[in-house]
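Down below is the structure, laid out as structure tokens.
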Amino acid sequence: MNGMPAGEKLDYRLLLDAAAAAARATGDQGHVADYIPALATVDPDAFGMAVATVDGELYGIGDWEQPFSVQSVSKLFTLALALAHGGDTVWRGVGREPSGNPFNSLVQLESEHGIPRNPFINAGALVVTDRLQTMTGDAAGAVREFLRRESGNPLLDTDPVVAASEAEHGHRNAALAHFIASHGNLENPVETVLDHYYAHCAVSASCRDLVLAGSFLARYGVRTDGTRLMSRSEAKRVNAVLLTCGTYDAAGEFAFRVGLPGKSGVGGGVLAILPGRAAVCAWGPRLDQAGNSVAAVTALDALTTLSGCSIF
């Protein structure tokens, strides 16, 4: 990492204080996601942030222990589990390139024969969910169990109200899934894939839960109990796709400002990885036009700018 030697100790409490102040300064910029009605009821001014280091330290500020709907942040864990179970076979049905289009766009699927650009747009996540369903028989359950074990939170679960709300208003996701299936790129029934997709996106977790669960990428593929989920090379590749594709069609801006691999969700969370150091999660419900949290991105920007830590 540039700006600070890898072995130098960071004062995460001081950094979190500064990051939270930067987030608060964004005021009422952005809008809470309302296309999923169950998400529209969240407090727009909530903010939390947490850090879990590879040495086992845990820090938090604000609403860092308040659960929120993780939404597309779950796609990181779905991909990691699919790679852990099936290896590189996952990449036969989904690409690794930025889409340059909104996360729920249908535009590219027709010209690219039902192969989504990357695993973090909705079309790509449907394919990865499908493959994980084939591998495990319970894709959403596999994601929930992984999150519970890594976070140490046995109560972590899907919010059924949010999942039902997503399903009721998920016409575009259904269209994506049917289009992918028409090209032979789904192995399971569309309805099954959609059910599991909505269930893992509707998981309710806190910044605390997510930094603990995401720390395997900071440890280059090693889980909380010391076992290896994936090889160091695979972890490097997941981090690479996070950097280039993890924040929808604003990945370039996120890399420019924050300089870390990260995955956002329209629930307002952003989980970022400092390889070899820590996982960081910030949450603020107000979103920018790309669907990324204004407060969370600002907080992460402040943290990496002040610490001098980024992958560049």
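The values are calculated or read from the model by the stated rules, or taken from the named source; none is laboratory data. What you see is a predicted model; the values in this text were computed from it and never measured. All Cβ positions, even for glycine, are placed from backbone atoms using ideal geometry, and neighbour counts span all protein chains on display.
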Filter segment 116-139 for residues that are closer than 11 Å to Leu81 by Cα and either touching a Leu at 6+ places or on another chain (Cβ under 7 Å) or in contact (Cβ under 8 Å) with a residue 60 or more places away in the chain (or both) and give the result. Val128, Thr129, Leu132, Gln133, Ala139
Given the structure, is Leu109 of a type in the set (A, V, I, L, M, F, W, C), under 24 Å from Gly170 (Cβ atoms), at pLDDT below 95 and not in a loop (DSSP other than H, G, I, E, B)? yes
State whether the residues of segment 208-226 include one that is touching a Phe, Trp or Tyr at 6+ places or on another chain (Cβ under 9 Å) and free of Cβ contacts under 8 Å to residues at least 12 places away in the same chain. yes
Within segment 143-155, identify whether any single residue is in contact (Cβ under 8 Å) with a residue 60 or more places away in the chain and crowded, with 24+ Cβ neighbours inside 10 Å, and answer yes or no. yes
